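Visitor: Okay, here's the structure, questions in a sec.
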Amino acid sequence: MLYTVQHQEEGPMAVRLNIVMDDELYRRLKRDLPPKRISRFINDAVRAHLHPDRPTLDAAYKAARKERWRTQLADDWSVTDTQGWPK
């Protein structure tokens, strides 16, 4: 695998990656996607199939904990707690 790093002034750093792909699949990409959108399509597809890393998940959970509607929803559902109910 060969890659080169390209530095950009703003935004995330892009990495140029050479991949090997089936000819028919590449022809479909060229036919079905607008010009200059193959890289974005592949980037989005790979991102969608990878699980978020731990720091990303932790940050998302911390942000969600601060949302008022989530705490209200948790309070509303707290009355359904089954502790102490007969089995």
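The values are calculated or read from the model by the stated rules, or taken from the named source; none is laboratory data. Quick caveat, the model's predicted, so the values are computed rather than measured. FYI the Cβ positions are ideal-geometry reconstructions off the backbone, even for glycines, and counts take in every protein chain you see.
Visitor: Yes or no: the stretch 16-23 includes at least one residue that is outside any loop (DSSP other than H, G, I, E, B) and modelled with pLDDT of 95 or more.
Guide: Looking through the stretch 16-23, at least one residue is outside any loop (DSSP other than H, G, I, E, B) and modelled with pLDDT of 95 or more.
Visitor: If we keep just the residues of the stretch 28-87 that are among the small types (G, A, S) and closer than 19 Å to A14 by Cβ, which is modelled with the highest pLDDT?
Guide: For the stretch 28-87, the residue satisfying everything is A45.
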